[in-house]
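The values are calculated or read from the model by the stated rules, or taken from the named source; none is laboratory data. From a predicted model like this one, the values you see are computed outputs, not experimental measurements. Ideal geometry is used to build each Cβ from the backbone, glycine not excepted, and the neighbour counts take in all protein chains shown.
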Amino acid sequence: MLLTLTGGAGAGKTTLAMALAADAPRRPVRVLHGDDYYFRTPERGVWTPDETGTPRLDAGDPRSLDTDRLTRDTDAALGAAEHVIVDGMFAHHTAPRTPHLRFDVFVDLPADLRLARKIRRKCLSEGFPLDVLLRNYVDHRREAHDRHVEPARYVCDLVVDGTLAPHLLARQVWAAATD
């Protein structure tokens, strides 16, 4: 079975993926992280110059995701694991070539809480400059979320409340996906 976890940056997709893997009804489980599938060089993807003119990958645009590589890895994982979980803002774009049961989940969290989580992760834990993160959010990320991520809510099989504890969400997802 393929489970995809889609939602905004900071919604808790990766945390939920780990909880789902730990609580899976059958083994083996493979988790693929969408953040590992963005293009790395300006030849592919959407690149925009920052305030210094340096090109930066627009991770808020699904065209920046290497969906071909993600599809290949998803197909390989589905051949070896009972459950494959793909988490990422655009996880619902995953389109394996081999037919399998599929269940798409949208992890919902209010914008202010997503931003707070992103500040905690990027700025406090990783040392990313807060002023750059906030400027990027105001100038681009809010609109990109509304345009590219939010519409997935309406095509997913289940919308979950990202404010709930991950172990509770995992139980909810497994119950719905295996019903």
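Things to note:
- Here P49 meets the list (1) under 19 Å from F39 (Cα atoms); (2) surrounded by fewer than 13 Cβ atoms within 10 Å (Cβ to Cβ); (3) touching a residue at least 12 places away in the same chain (Cβ under 8 Å) almost entirely, failing just condition (3).
- All positions within the range 52-65 that are surrounded by 17 or more Cβ atoms within 10 Å (Cβ to Cβ) and not in a helix (DSSP H, G or I): L57, D58, A59, G60, D61, L65
- Condition met for V86 (of a type in the set (V, I, T), out of contact with any helix residue (DSSP H, G or I) (no Cβ under 6 Å at 6 or more places or on another chain), in a strand (DSSP E or B) and touching a residue at least 60 places away in the same chain (Cβ under 8 Å)): yes
- Condition check for A170: loosely packed, with under 14 Cβ neighbours inside 10 Å, among the small types (G, A, S), farther than 15 Å from G8 by Cα and modelled with pLDDT of 95 or more: no
- Positions within the range 19-60 being of a type in the set (A, V, I, L, M, F, W, C) and over 16 Å from A170 (Cα atoms), in sequence order: L32, F39, V46, W47, L57, A59
- Residues satisfying the stated conditions in the range 117-131, i.e. in a loop (DSSP other than H, G, I, E, B) and either touching a residue at least 60 places away in the same chain (Cβ under 8 Å) or closer than 19 Å to G162 by Cβ (or both): none
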